[in-house]
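Report on one structure; see the data block that follows.
We did not get these values from a lab; they are worked out from the coordinates using the rules stated. Predicted model only: the values in this text are computed from it and were never measured. For neighbour counting, all protein chains shown are included, and Cβ atoms are generated from backbone atoms with ideal geometry for every residue, glycine included.
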Amino acid sequence: MDSKKIDTTNDTPSTRRGFLGKSAALGLAGVTLGLAGCKDEATAGGKTAAAPAAHKGGEVAPGQLDDYYAFISSGHSGEARILGLPSGRELKRIPVFNIDCMVGWGITNESKAIMGTKPDGSLKYTTGDTHHVHGSYKNGTYDGRWLFINDKLHSRVARIRMDTMETDKITELPNVAGFHGIFPDKRDPVDPKIDYTTRVFCGAEFHIPLPNDGRDLEDPSKWGALFSCVSAETMEVMWQVRVDGNMDLCATSYDGKLAACNQYNVENAADLNGMMAAERDACVFLHIERVEALVKAGKYTTIGSSKVPVVDGRKTANADPKTAISCYVPVGKNPHGVNASPDGKYFVCSGKLSPTATVIELAKVLQWFDGNVKDPRDTVVAEPEIGLGPLHTAFDGKGNAYTSLFLDSQAVKWNVDAAIAQFKGDKNAKVILEKFDVHYQPGHNYSSMGETTQADGKYLNSGNKFSKDRFLPVGPLHPETEQLIDISGANMKLVADHTAYSEPHDGIIVRRDVVKTRQIYNMTDFPNAVTPETAGIERKGNKVHVRLMSQAPAYSMPVIKVKKGDEVTITLTNYDKVEDLTHGCAIPTYNINFIVNPQETKSVTFKADHAGAFWMYCTHFCHALHLEMRSRFLVEA
Ligand code: K7E
Ligand code: RUQ
Ligand code: CUA
Ligand code: CA
């Protein structure tokens with residue numbers, strides 16, 4: 001599509017009058033408590049903003065909408081976040097691996113089932129560490145269906161639905177520690193007709209005993225690391241590959257055939273000095289079609305209690321390129337990051353301990369697998385010197401790469417073709433185009449649509465790890481900076497310093513017309529939805545089920561009476577159909593707190609272990625009589 005077309009017709013989502021009119025009508029209808037009487041038409045499905053408007057200098061005036069969504073990770077706060085760009089407005093936080101008491105994530109039965117529980121019903125984990133968010137693909141660009149995000153802490157992969165921007169599945173990887181890099185495939189490796197994401201690949205950074213059950217504690221030389229493949233649709237782990245060395249970040253090719261991870265520990269070392277011993281580390285490529293053929297032929301093992309097929313991708317088992325599933329391409333020392341260029345031709349790996357970026361040509365990697373390239377190193381077509389501490393590389397779709405330089409506190413813009421010419425011996429090739437100061441110590445940088453064939457070269461975001469003097473001091477913990485840079489001209493221009501709570505790593509910048517959200521749920525999406533017919537209280541022994549509805553400004557039951565010792569389940573359906581009309585449900589001293597959006601159903605289960613009168617109240621400002629929206633929850637002694 002033509003992203004240059006300026007369309008501002010959709011910039012204001014609705015008129016002020018329109019919105020006010022609706023809530024005024026609601027005020028009247030609400031007081032009569034006509035639960036079945038709500039005639040407002042639901043507007044579920046397909047809410048899309050028009051193509052980006054041009055915002056000069058990054059300014060987005062009040063009432064105007066941004067051009068892009070940025071979906072960013074949040075490090076050890078365990079969530080995902082959505083920013084509008086270029087304004088930097090924080091639009092939403094999506095709880096994933098963390099507990100969020102606003103939404104009730106980790107509190108409701110439904111969210112607990114997604115997060116995973118222990119046999120006693122409590123959460124298995126309450127913490128997480130998200131580094132990388134990537135979108136699902138169709139035909140080389142985002143299809144707006146899913147986001148995939150990693151948890152380095154407990155080696156889990158989560159999927160977020162992009163229509164509701166909520167986590168819908170979480171899978172823990174067996175026999176994996178330090179799951180860092182994640183990337184969806186862009187096309188099926190076997191069936192070229194399948195031009196969308198079907199698999200998600202996961203790299204493991206830490207070596208562990210296999211299985212990790214107390215064996216081999218004193219002998220790290222026996223430990224190993226597994227590359228995992230997860231089905232995008234079912235989120236089940238399909239297979240794993242044991243590799244030599246570790247895996248850090250992950251990238252996939254546009255033809256679906258290759259996935260790769262940069263390796264900073266080819267030494268298989270268990271200490272710092274050991275991990276820095278080798279002159280070169282590697283980028284390990286996996287031939288996905290061959291891996292799956294081995295799995296299909298039963299040529300795999302399993303580890304411990306896991307049923308997941310594990311294929312051997314170590315060097316000794318892959319000496320013959322023509323049958324090999326893995327190819328280890330030597331790159332700069334201790335690389336951090338591997339990124340695919342939007343033309344589909346190259347992967348770029350940069351070495352933290354080497355001032356270089358290594359450019360690997362994918363066609364040559366495939367030729368190596370065919371036996372037509374002698375040495376894996378011969379797949380390297382450029383290795384320019386770009387600066388100190390190079391980490392991650394973004395692209396503008398015009399042949400230029402932008403690499404974050406952690407030590408130099410810069411983003412360096414360099415030309416890929418010039419780097420290739422220089423590598424071939426052209427001494428006049430102009431590789432480095434600009435070095436741009438960022439403030440300070442950048443981790444990831446990423447560009448607008450830069451991980452797709454539609455890279456548009458408009459913005460680069462630099463996620464900086466140290467903000468130092470850039471903001472008002474707020475105590476020992478400083479904010480992080482998401483620095484937005486305009487890369488559309490000949491020179492890079494700083495647009496804004498957006499603050500971010502610790503600690504954003506990677507993210508993607510997605511054109512707003514790609515994202516199609518729904519604003520209201522379908523009640524039928526929830527099998528446990530409460531209707532006027534099923535509403536009420538039901539007792540079976542000491543199990544009490546309270547089926548409740550909310551409609552502004554009341555719950556369907558003014559009094560709920562249970563006995564001390566009962567196991568209480570409250571299922572709450574928000575009967576309101578009006579966009580933005582969310583209710584809350586909180587019960588003091590019982591640690592219950594969650595929201596229900598229009599037409600949504602959620603439930604909580606808890607033991608009524610202390611007697612008394614407790615006002616169950618609405619936490620989410622919903623109505624002029626919001627404060628009056630409360631019912632008595634009575635627990636008899
Ligand atoms: Cu460089 Cu975890 Cu992507 Cu952070 S990693 S910055
Ligand atoms: S009341 S508008 Cu709690 Cu001051 Cu909120
Ligand atoms: Cu319902 Cu506030
Ligand atoms: Ca190393």
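For this structure, a couple of remarks:
- Qualifying trypsin sites (Lys or Arg not before Pro) in the stretch 340-439, DSSP loop, other Cβ atoms within 10 Å at most 10: Lys374, Lys427
- Linear extension gain, Met102 paired with Asp469, 0.36 nm per residue minus alpha-carbon span: 128.9 nm
- Each 10 Å bin from zero up to the one holding the largest Cα-Cα distance in the chain carries the following percent of pairs: 3, 15, 24, 24, 17, 11, 5, 1, 0.
- Our coupling estimate for the stretch 246-254, obtained by passing each phi through the Karplus curve with A = 6.51, B = -1.76, C = 1.60 and θ = phi - 60°, is 9, 10, 10, 8, 9, 9, 10, 8, 5 Hz, Gly and Pro reported as x.
- Divided by 2.2 N^0.38 Å, where N counts the residues, the Cα radius of gyration of the stretch 523-636 comes to 1.00.
- A DSSP coil position with no more than 13 other Cβ atoms inside 10 Å describes the following trypsin sites (Lys or Arg not before Pro) in the stretch 193-254: Lys193, Arg215.
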